[in-house]
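Encoded as structure tokens, the structure appears first; notes follow it.
None of the figures in this text is laboratory data; all of them are computed from the coordinates on show. Just so it is clear, the structure is predicted and the values come from calculations on it, not from any experiment. Note that each Cβ is placed from the backbone with ideal geometry, even for glycine, and that neighbours are counted across all protein chains shown.
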């Protein structure tokens, strides 16, 4: 018996669009509800569906746990890096005004990069959490 | 605006009923599922209170992720709460009653609900509403406060998530990767 | 009109909660929860329409998505007792 | 609305107490974590209510709107929600470890196994 | 490659519907996002004939129209059942042989049966579908092959 | 009150009525599988009508496109999750309710596999 | 760069933690963690000096001025605490290398050190910040790191104790959040100084009072004040040695600091001690806690557990000092925060050295320790003497000030209680010393702990004596800090 056929077809169809939706939320956080956290969670949902449909081992072929840990650390570093950059450019920590000649452009750059860092960390950590939990439950 | 009140009342009653139900349910899977309703309802309530960003987060992060993690945990720990002969526990009840009474005392002097001249609405927040367009030029005030004015909080928040990742990986992360040859070849 | 619609949705949600609490089987509860979820999506779109804000519709979309994922997770839980299991149909058929 | 407003708060307090009670009286660890979430969520309601302005639009700048709800509580609660999820994740991971090493996630059982717990 | 192109096309439409902004920054971010999604989806191997049945597009659209009609009809039937004081239900489980439609066809068939009230697909595969029907009438519809003949067939592509 | 308003109101109310009726069915029906017919399934049309009604109110904007998107999403996912749940129940060994003293069903409620 | 010192203290571990978590093996992350804690220590010492020169330092995060953005505000009290945290980290990190290799294993070391760094980061952030909500965020960072670290112990009971701490800690954190919310709704601000300006006008409000109650209760859960201490003994007992040393020396102390900041700076002495008679709550609890925890401590067979109960007792001393509501009492409390941190770290570290060799820290493991591990044992003895409050140790300095403060108020019974507490401490430390000197070890060979453990340990022991003899440094700073705190946030 070919299990979960319907589920598989629908799930496979949805995964890319869920991820695209996540990216949309990431980049439109400035204009409407949304931002790095929500985007990260939604983007991670793409991997969640994949894990649920094909198992965590198979998801690990796509993004390994080690890779996810690197990304999750990278997100923190990106965020803090913006702060360090503004320190080095002579402002206070996380003062985006100094990132560009014009304060408003600086704020824009700062906010977009920072949100991107948030998104990286949240998406990777949530995927990581799910994969660790799911793997722990596998019959050995 | 009466409509908002109507929805508000309904949602609050839902929440109250659900929370009582959660207390009484023995089957853990049911409890988790009912908790899912609780989360989704609370997100609707946030919507009614005009907090779209919060509703978004509660739906995506709060409801979605917590529920899936809880299900994953239940898959390992089993779903039945053991039925023990419930000894009546007095102490928790006393603690909870005292806390509740204190809170009830505390809300006596709260400023009226939803009035624009409340202290919370006139002191710090107006600057965000009036100046953020000039200072950051970002239409979503929540984003500009989150990422710029209180950007340091958000950095802390990212670190919280990172810490959770580290913590879970330390606690239940796999020690060594053991991929059998079959599985490795499977993805070819 | 909108008020009547909201009331109808809320009544439907209440009935779903009643079923979720009555059970009797876990499947009934989950069914009720699913119904509750779709009604919540409708409620959110209604609120978005009331506020006249198109961007609130994103939230409704997220709800629908979470609902679906929750359902798959529950199914996975029932069928295999583990969320990470590859199932009898993995990548290959 | 003022009467209704108070009732809002009363129900939040009720939810808080239900969550707190679940947290400290439940024997099952997962129930405790669910209680924790209920408890925290009700605190979030309280915050959001604090920032609510009757008739105010959501805090996204729009042409022709002057009355907005207070964005600050929203920002705080965004942070707090994430904190709550992080705590839940760590708590669940601990629960799994406890199940694996004790074979039970009932506090009463654990207590029977080792009175010092 | 065909499927990736199809995905990119659909994804671009989705982005446009969601975003609706014409700022150059957002447009370029959109392009990047769509490409990134396509890359990931390709890596996940989730885009294939099953999930993006481009070759069936036209047939599918025609079928959907038909399906919509069926949904409305059977919803009305369902409403009558629910509201009648004496509920006229006589539930039964039946197994019906269906023609081979391939994986996608089966999925569509299954969902269509579920979508029309009165019947729910319990299981599908191996040329058989197990259906729970709420009364004899609904059961007979399925037995008479309500959808079976109209499913856009996917034969020869998969399974 | 333009014709569009009336149309949208009709759609909205029809959708909501369907939703309530579905929920009533959820309460009235005797067992899980029959409830599934009532609830899991009226949902789709209910959401469709409802979202259609709202879309008319929004007018021909991107918002309507978004509503359509939500509808499409639900069109895909609702029957899928209903089916998934039904299947889980079936595999979990939940027996369908049958009309009392019904006609020769076996233990699992099978009528016996009939070929068409 | 010197103007950025307040943020550098926090930034260094923040940047190092993700980096460390990605490294391989045990050595590289250890080096990173150690260097970073030293760097932070240097920063905090510089900060302390800076505060001495120019008074309160204000640092606006993101360049937004105070009530709108988040500010870091360093005065003597936080500077002292920062020195304590980073100092303890700087000593514990070198010590951790050997014990972590034994207790955690190489594979999990990178993440373990990352968690340690996150703990330090959270504690430093809580200390340095001047924003009530920011405290909550960093509180949760440090708590999450703590839950994880506590659960890393080898004993399986580490897991349950960590879980119960998670539940208690979350209740504490959420109570704090409720309290801050109540204050926010009444004032509209989250900045501590701004709150301090606005709260006096609202002192009649039931909401503010409830907020006060919730904040104090929440923090008291975190700092393990007497009836709320139940999570602490198990948590300390089963955690890895290095973790116990670091957390035992710093975590509860930072909670004490937050309590002090809330009571004195934010609400003000007037509100806390006159309008709400906080003394009548804190002092009795402290007295009962002191006596009961010390008594329970005597009955413990596990030495680590004994020290954990003794921590509860010592926290009670600190709360006693705070409860007096006077400058003298506050000075004594702050002194004891610092001094207790040093001596508890020394004691836990010497126990860690014992555990490293003996595999356990039961009373029987201490038999004949004077012969088998003399250096470790003497370190324990000196730490114990300090705990009792023998002259020429740091413990004496703070207890002496506490007694002076009590005498100033004419609280004779409290003085008696303090002395009784010391006697009880003498008894429980005495049991260990007796076992070490007079009991025969199971195995008579000499097996001193390795130098990697001994050197950090003895640095602390020497600090115990040095700061006990040369009291100028700590006492002066504590007095200055107390004066600043008593003046409230408004004057700053």
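With a Förster radius of 22 Å, plug the Cβ-Cβ distance of residue B:80 and residue D:114 into 1/(1 + (r/R0)^6) and report the FRET value to the nearest 0.05.
Computed FRET efficiency for residue B:80 and residue D:114: 0.45.
Between the range B:102-165 and the range G:32-56, how far is it from one alpha carbon centroid to the other, in angstrom?
About 31 Å separates the Cα centre of the range B:102-165 from the one of the range G:32-56.
Quick one: G:466, G:64, G:38, G:412, fewest Cβ neighbours within 10 Å first, how do they rank?
Fewest to most other Cβ atoms nearby, the residues stand as G:412, G:466, G:38, G:64.
How shielded is E:30-43 by partner chains, expressed as the average number of their Cβ atoms within 10 Å of its Cβ atoms?
Average neighbour count from other chains, rounded to a whole number: 4.
Can you give the mean number of other chain Cβ atoms that lie within 10 Å of the Cβ atoms in peptide F:50-57?
The per-residue average across the peptide is 4.
Bin width 5 Å, origin at 0, all Cα-Cα pairs of the range G:279-327: what percent of pairs per bin?
Pair shares across the bins are 6, 26, 27, 17, 12, 8, 4, 1.
Relative to the longest principal axis of chain E, what angle (0 to 90°, nearest 10) does the C-alpha long axis of helix E:102-115 take?
Between the helix axis and the principal axis of chain E, the angle is about 60 degrees.
Which FRET efficiency value, to the nearest 0.05, do you get for residue G:42 and residue B:27 by plugging their Cβ-Cβ distance into 1/(1 + (r/R0)^6) with R0 = 60 Å?
Plugging the Cβ-Cβ distance into 1/(1 + (r/R0)^6) gives 0.60.
Run through every distinct alpha carbon pair of the range A:19-121 and return the Kirkwood hydrodynamic radius in angstroms, one decimal place.
Kirkwood hydrodynamic radius for the range A:19-121: 14.8 Å.
Show that you can apply the helix-only estimate: for the protein assembly as shown, add -39,500 (n - 2.57) for every DSSP H stretch of four or more residues, divide by all residues, and state [θ] at 222 nm to the nearest 500.
-24500 deg cm²/dmol
Take chain E, connect every pair of alpha-carbon atoms lying under 10 Å apart with a spring to form a Gaussian network, then pick out the residue of E:20, E:105, E:118 with the largest mean-square fluctuation.
Of E:20, E:105, E:118, the Gaussian network model singles out E:20 as fluctuating most.
Output the Cα-based Rg and Dmax of chain G in Å, rounding Rg to one decimal and Dmax to a whole number.
Using the Cα atoms of chain G, the pair Rg, Dmax is 21.2, 70 Å.
Once you have a ≥ b ≥ c as the square roots of the Cα gyration tensor eigenvalues for the range G:165-206, tell me rounded if a/c is under 1.5, and otherwise prolate or oblate according to whether a/b is larger than b/c.
It is prolate, given that a/c is not under 1.5 and a/b is the larger ratio.
Which ordering of G:256, G:281 is given by a fewest-first count of other beta-carbon atoms within 10 Å?
G:281, G:256
Regarding the range G:19-87, what's the average projected area of the Cα-atom convex hull, expressed in nm²?
Taking the Cα atoms of the range G:19-87, their convex hull projects to 5.9 nm² on average.
In µm²/s, what is D for chain E at 4 °C and 1.567 mPa s, where D = kT/(6 pi eta Rh) by Stokes-Einstein and Rh is the Kirkwood radius from Cα pairs?
Using the Kirkwood radius from Cα pairs, D works out to 72 µm²/s.
Ignore the peptide's own chain and count Cβ atoms of other chains within 10 Å of each Cβ in G:119-130; give me the average, rounded.
Going residue by residue through G:119-130 and averaging, the value is 1.
What value in Å³ per residue do you get for the convex hull of the alpha-carbon atoms in the range G:1-115?
In the range G:1-115, the Cα convex hull volume per residue is 104 Å³.
Where a ≥ b ≥ c are the square roots of the eigenvalues of the C-alpha gyration tensor, would you call chain B rounded, which needs a/c under 1.5, or, failing that, prolate if a/b is larger than b/c, or oblate?
Cα axes put chain B in the oblate bin.
Classify the range C:2-80 as rounded, prolate or oblate, taking a ≥ b ≥ c as the square roots of the eigenvalues of its Cα gyration tensor: rounded when a/c is under 1.5, otherwise prolate if a/b is larger than b/c and oblate if not.
oblate
Mind jotting down the distance between the C-alpha centroids of the range G:198-247 and the range F:31-99, whole Å?
The range F:31-99 and the range G:198-247 have Cα centres separated by 49 Å.
With bins 10 Å wide starting at 0, give me the P(r) of the range G:278-492 over every alpha carbon pair, in whole percents.
Bins of 10 Å from zero give 9, 34, 32, 17, 7, 1, 0 percent of pairs.
Please give the contour-minus-distance gain from residue G:357 to residue G:280: 0.36 nm per residue of separation, less the Cα-Cα distance, rounded to one decimal in nm.
23.0 nm
Send over the semi-axes of the protein assembly as shown's equivalent ellipsoid, whole angstrom and largest first, taken as the square roots of 5 times the C-alpha gyration tensor eigenvalues.
Each semi-axis is the square root of five times an eigenvalue, giving 55, 33, 28 Å.
Tell me, how many Å apart are the Cα centres for the range D:1-76 and for the range E:22-58?
Cα centroid of the range D:1-76 versus Cα centroid of the range E:22-58: 38 Å apart.
Obtain the nm distance between the two label points defined at residue G:299 and residue C:7 by a simple spin-label model: each point lies 7 Å from its Cα along the Cα-to-C-beta direction.
6.5
Rounded to two decimals, what is the ratio between the C-alpha radius of gyration of the range G:406-492 and 2.2 N^0.38 Å?
My calculation over the Cα atoms of the range G:406-492 gives 1.70.
Using Cα atoms only, what is the angle between the long axis of helix G:394-409 and the major principal axis of chain G, expressed in degrees (0 to 90) to the nearest 10?
40
Test of understanding: in a Gaussian network model of chain B with alpha carbons linked when under 10 Å, which of B:48, B:122, B:96 would top the mean-square fluctuation ranking?
Top of the fluctuation ranking is B:96.
For the residues G:109, G:422, E:99, what sequence is obtained by ranking on other C-beta atoms within 10 Å, fewest first?
If I rank by nearby Cβ atoms, fewest first, I get E:99, G:422, G:109.
Could you tell me what % of all Cα pairs in the range B:96-141 have separations over 18 Å?
Counting pairs separated by more than 18 Å, the tail of P(r) holds 54 percent.
May I ask for the angle, rounded to the nearest 10°, between helix C:2-22 and the longest principal axis of chain C, with both axes built from Cα atoms and the value confined to 0 to 90°?
30
Please report, to two decimal places, log10 I(q)/I(0) for the range E:2-44 at q = 0.15, 0.18, 0.21 Å⁻¹ as given by the Debye formula with identical point scatterers on the Cα atoms and no solvent.
Log-scaled intensity ratios, in q order: -0.34, -0.48, -0.63.
In a solvent-free Debye calculation with one equal scatterer on each Cα, what is log10 I(q)/I(0) for chain D at q = 0.20, 0.23 Å⁻¹, listed in the order of the q values?
Summing over Cα pairs of chain D leads to -1.07, -1.23.
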